[in-house]
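Heads up, the thing below is written out as structure tokens.
The values are calculated or read from the model by the stated rules, or taken from the named source; none is laboratory data. No experiment lies behind these values; they were computed from the predicted model shown. Heads up, the Cβs are rebuilt from the backbone with ideal geometry, glycines too, and the neighbour counts pull from every protein chain shown. Only protein heavy atoms, including side chains, enter the accessible area calculation; ligands, DNA and RNA are left aside. Shrake-Rupley method; radii C 1.70, N 1.55, O 1.52, S 1.80 Å.
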Amino acid sequence: EAGEDVVKEGNSASADKLTSNFAAQLEQEGQVQWAAFVLLHLELPDSRTVALRALVERNIQSLQEGSAQEAFLCEKLLVPREWLFSARANAAAEKGDRYAQYRLLVDAQEYTAAHAIAVRDLAPEAVLRADLNLILRIFSVFPRPGGGEDGEAAEEEERVPGWLYGGQVYVDWVACQRTLPALLV
């Protein structure tokens, strides 16, 4: 209509820059939780996600598990806890701690990456130690194809790509190790 004001919504680059700069100042002062709060005011959802994940990644050493800061981020600001687990997994990778990285990736529900570490680094060592229970524990955390319909199994396989030629091989190997000696008697 000719007499109505038209309101346009869009992204204001200058507002986002101001928001990011303010968050950076708070981060420099060690106020990570308030920097996260400010970053929640970025206009575009993708920008918020990228900025918040980067903030968590940069400051994961100061965000102690179970701390008040972590509780504020996850419970009040609703930052997904998986993002913190993912950042901690990256920190563990930098230290070369493959088991901690694996556990944290599982907690972050990043099953594909956790499966790759389990198959490449953890399971071979467990085989060398002949620790069958450890192998089963390592792979018990992954969603696996069930005994249901083919569609269900295909859906599960998509959740952990490579399962059938990775984790499943180790689980089957353990079953053989436990079954064969009794059959050979």
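Restricting to the range 82-106, give me the number of residues that are part of a helix (DSSP H, G or I) and open to solvent by less than 60 Å² (accessible area, probe 1.4 Å).
16
From the list Ala35, Ala89, Ala93, exactly one residue is farther than 30 Å from Asp121 by Cβ, among the hydrophobic types (A, V, I, L, M, F, W, C) and modelled with pLDDT of 95 or more. Which is it?
Ala35
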(request) Filter the range 48-69 down to residues that are at pLDDT below 95 and part of a helix (DSSP H, G or I) and give me whichever is nearest to Ala89 (Cα to Cα). (result) Gln69
(request) Evaluate the following for Val79: is it touching a Phe, Trp or Tyr at 6+ places or on another chain (Cβ under 7 Å), β-branched (Val, Ile, Thr) and open to solvent by less than 40 Å² (accessible area, probe 1.4 Å)? (result) no
(request) From the list Asp121, Asp107, pick out the single residue that is out of contact with any strand residue (DSSP E or B) (no Cβ under 9 Å at 6 or more places or on another chain) and either closer than 28 Å to Leu40 by Cα or modelled with pLDDT under 95 (or both). (result) Asp107
(message) Any residue that is at pLDDT 95 or above and either within 18 Å of the chain's Cα centre (by Cα) or surrounded by 14 or more Cβ atoms within 10 Å (Cβ to Cβ) (or both) - is there at least one of those in the range 5-17?
(response) no
(request) Sort out which residues of the range 34-93 are among the charged types (D, E, K, R) and more than 18 Å from Ala24 (Cβ to Cβ), and write them in order of number. (result) Asp46, Glu65, Glu70, Glu75, Lys76, Arg81, Glu82, Arg88
(message) Just to be sure I understand the filter: pairs with C-beta atoms under 7 Å, separated by 6 or more residues or on different chains, first member in the range 6-24 and more than 13 Å from Leu40 (Cα to Cα), second member modelled with pLDDT of 75 or more and not in a helix (DSSP H, G or I). Which pairs pass?
(response) Asn11/Glu43; Asn11/Leu44; Ser12/Glu43
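With the structure loaded, tell me whether Leu164 is open to solvent by 70 Å² or more (accessible area, probe 1.4 Å), modelled with pLDDT under 90 and assigned to a helix (DSSP H, G or I) or whether it fails that test.
On the way: open to solvent by 70 Å² or more (accessible area, probe 1.4 Å): yes; modelled with pLDDT under 90: no; assigned to a helix (DSSP H, G or I): yes.
Taking the combined requirement at face value, the residue does not satisfy it.
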